[in-house]
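The values are calculated or read from the model by the stated rules, or taken from the named source; none is laboratory data. All values reported here derive from a predicted model rather than from experimental measurement. Positions of Cβ are generated from backbone atoms using ideal geometry, with glycine treated the same way; all protein chains shown enter the neighbour counts. Quick note on the areas: whole protein, heavy atoms, side chains included, nothing else; ligands and nucleic acids left out. Shrake-Rupley method; radii C 1.70, N 1.55, O 1.52, S 1.80 Å.
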Amino acid sequence: MLKFIIRRILYAIITLFLIITATFFLIAGAPGDPIAAKVGQMPEQAQEVIRAKYGLDKPVTQRYVLYMKNLLTTGDFGESIIYTGKSANDIIKDNAMISAKIGIIALALQITIGVFLGLVSALNREKIGDHIIRVCVVLAICVPSFVFAALLQYFVAFKWKLAPVFGWGELKHYALPVMAYAIGGIASYTKYMRSSTLSVIGEDYIVTAKSKGCKKSRIVRKHILRNSMIPIVTMIGPAVAGIFAGSFILEKMFSIPGLGAYYVKAVSDNDYTMIIGLTIFFAMLYVASLIVVDILYGVVDPRIRIAKSEK
Amino acid sequence: MNSNTGICEDNVILTDDMFERIGTKGLSSEQINKKSLTYWGDVWRRFKKNKLALVGLVLLVVVILTIYLGPLVSGKNYQFMDSTAKDLKPNSEFWFGTDEMGRDIFTRVCVGGRISIIIGLCCTLVMFTIGSLLGAIAGLKGGLIDNLIMRICEFVGNLPYLIIVVILSMVMGRSIFSLVFAMSLTSWVGTTRMVRGQILQIKEQDYVQAAVALGANTKRIIMKHLLPNTLGIIMVTITMSVPGFIFSEAFLSYIGLGVRPPETSWGALASAGQQRLMFYPHELFFPCLMIVATILAFHLIGDGLSDALDPKLRK
């Protein structure tokens, strides 16, 4: 197991290094001048000063070495080009929590409601409840989150005035984004939980437990739920990483000052340092959560743990 | 052996004319009336029985016919701006209404839909080709090549998909090609793993071993056994991944990284409509309706296919 974790972490470091390098050179080669929007009509000399400040007067390779050195020694992502005086680190520090809060609430809702609905649906297979849940799941999966968000904004907020259309700061502002965010996930967790439960129900150990006179509630809790949760655990990893990435659109739509919104803005503004800094941040989260899931997977499923340690 | 030689004990040689066929002549039950059912014939037969899947198929045909024939029927140009007809509600002349520049939304939804669907299909094609080729090679060859391919998969699978897509479409400029490239770059990993797994599994099956023992060459085994048996699961993945790509395209267009105007797509139309949602909800509603209808159709077909292809569900 330890060998496996070390190998995974090693891979992750290589992946991260390649992502940083590739992003750096790709962005440097991208069309458009990063400081064009900032300098505007400034005189030539002023433009040169700003260019030198960001090191844009140096060749790409030299910039890369400098960037890596700063990153590895101090963890510095560099100063944002658009937000003068603020480094990408500051922006991540200030705004990551906003994205994280919405994402974690939504994720918790997704998993609990999804697992519950999936279990109910599978236990009542081919009954009326199952049919209703399945129809809702198919519909929810087919609707993109931004359509949901728009519908919520239009009906709940604009027509019925139950919640603010957009904005940030108070508790009431959470309601709509969290709902729009969670609904697609609820549907897919329900779907996976249903099929995973159905495959578990037929297993021999369930029949054994039943024939031994085990109470139904105990079978569900101790045997079905535990085993059918295994595939759900694998889905959580990418979902944790997706907390930031998945919020790109919703943060923009609801005017939430989270990292996703900053990333989208940085891309449209050509803000080099912000793009690279946020990319590294997202990539680190993503890679780390994949490792955590791999480890979790072994914890949840002893069969895998044994298979891996024997390898 | 003993039971066979028993008959010939008295040195009687058995010839054909010593036997007579009785009781079976002219019996209709001996005739094969029905053509034997091929694998795909069987799948189609079971697929047809699934009403929901048929609804999906009809829905998809309707959507495709609409987006290709719609502009001919409406007789409008998707770029034509009518300054006297801005932001109209749906009416008899403009079926889906008009946008803020007086363009006919119905025609725009049709033309945009072509691009959305083409992007979805192209990405799926690239994903399928790379994925199944690499997966097949890895599964068939094994050893070092297999190991190498799986390591590459592990690496690509570690890349955060969305970030890569955003950066690539930023670097390569906004065009359909760069969209397809960026979206299919990381998508083939799942297909590769799946095809490899299938091939490894089928390779060990008794009927393949039997074919090898009977002297079938590699080509025949691939064409007759491996391909038909993996195709089913690949078909399901394909139908399920087209909507995924349409989703991603919509998403990218939505944050302004998709197709560039004057060309349009469902995502771009939805994005434009969203900004005017409060006053002209129809500008968002119709593109979204088409996206949802298409994705729903693919989902229903995919579900029906996977049921029809799964021998365990055969009654």
Reach of A:Lys3 by Cα under 14 Å, taken over aspartates and glutamates that are not fewer than 8 positions away in the same chain:
A:Asp294, A:Glu310
With each pseudo-label sitting 7 Å past Cα toward Cβ, what's the A:Thr112-B:Gln275 distance in nm, one decimal?
3.9 nm
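Rounded to two decimals, what ratio of Rg to Rh does chain B give with C-alpha atoms and a Kirkwood Rh?
1.19
Explain nothing, just the number: relative contact order of region A:94-268, from Cα pairs under 8 Å at least 6 residues apart, as a whole percent. Don't skip to the answer; put the middle values down first.
Details: 204 pairs, mean separation 59.8, N = 175.
Here the relative contact order equals 34 percent.
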Once both axes come from the Cα atoms, what is the angle between helix B:105-141 and the longest principal axis of chain B, in degrees from 0 to 90, rounded to 10?
40 degrees
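Report the charge-dipole magnitude of chain A in Debye, nearest 20, computed about the Cα centre from +1 at each Lys and Arg Cβ and -1 at each Asp and Glu Cβ. Walk me through the numbers on the way to the answer.
Values: 34 positive and 19 negative charges, 355 e Å.
Around 1700 debye, computed over chain A.
Relative contact order, percent, of chain B when contacts are C-alpha pairs under 8 Å separated by at least 6 residues? Don't jump to the answer; show the numbers that get you there.
On the way: 382 pairs, mean separation 74.5, N = 315.
Computed value for chain B: 24 percent relative contact order.
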Cα-Cα over 23 Å, subset of A:Lys86/A:Lys172; B:Lys35/B:Lys224; B:Lys34/B:Lys203; B:Lys141/B:Lys219; A:Lys101/A:Lys222; A:Lys252/B:Lys89
A:Lys86/A:Lys172; B:Lys34/B:Lys203; A:Lys101/A:Lys222; A:Lys252/B:Lys89
Report, in debye and to the nearest 20, how large the dipole of chain B comes out about its Cα centre when Lys and Arg carry +1 and Asp and Glu carry -1 on their Cβ.
320 debye
Region B:81-95 and region B:127-201: distance between their alpha carbon centers, rounded to Å:
45 Å
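From the helices alone, meaning DSSP H stretches of at least four residues, give me the mean residue ellipticity at 222 nm for the protein assembly as shown, per-run term -39500 (n - 2.57), in deg cm²/dmol to the nearest 500. It would help to have the intermediate numbers written out before the result.
Working: 27 runs with 428 residues, N = 626.
Only helices count here, giving -22500 deg cm²/dmol.
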A:Ser87's amide H: which non-local residues (gap 5+, or another chain) put their own amide H closer than 5 Å, with H modeled 1.01 Å from N in plane and none for Pro or chain starts?
A:Ser80
With +1 on each Lys and Arg Cβ and -1 on each Asp and Glu Cβ, and nothing else charged, work out how big the dipole of region B:82-159 is about its Cα centre, in Debye to the nearest 20.
280 debye
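At 1.4 Å probe size, put B:Asp82, B:Asp16, B:Asp99, A:Asp204 in order of accessible surface, largest to smallest. Before the final figure, lay out the partial values.
Numbers: B:Asp82 40, B:Asp16 140, B:Asp99 15, A:Asp204 115 Å².
If we order B:Asp82, B:Asp16, B:Asp99, A:Asp204 from most to least accessible, we get B:Asp16, A:Asp204, B:Asp82, B:Asp99.
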Label-point gap, in nm, between B:Ile152 and B:Gln201 - each point 7 angstrom along Cα→Cβ:
2.4 nm
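For Cα pairs less than 8 Å apart in space and 6+ apart in sequence, what is the mean separation divided by the residue count of region B:60-122, i.e. the relative contact order in percent?
About 33 percent, as a whole number.
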Restricting to lysines and to Cα separations under 16 Å from A:Lys58, and discarding same-chain partners fewer than 8 apart, the set is A:Lys69
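So which helices of chain A fit the span-like rule, where a helix is a whole DSSP H run, its Cα atoms reach 27 Å or more along the axis, and its mean Kyte-Doolittle is at least 1.6? Intermediate values should be presented prior to the final figure.
Details: long enough: A:2-28 (39 Å, 2.05); A:88-123 (49 Å, 1.39); A:175-201 (36 Å, 0.79); A:272-300 (41 Å, 2.11).
Taking the DSSP H segments of chain A (at least 27 Å long, mean hydropathy at least 1.6), we get A:2-28, A:272-300.
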Of the candidates B:Tyr280, B:Gly215, B:His225, the farthest towards the positive dipole end of region B:206-305 (Lys/Arg Cβ +1, Asp/Glu Cβ -1, centred on the Cα centre) is B:Gly215
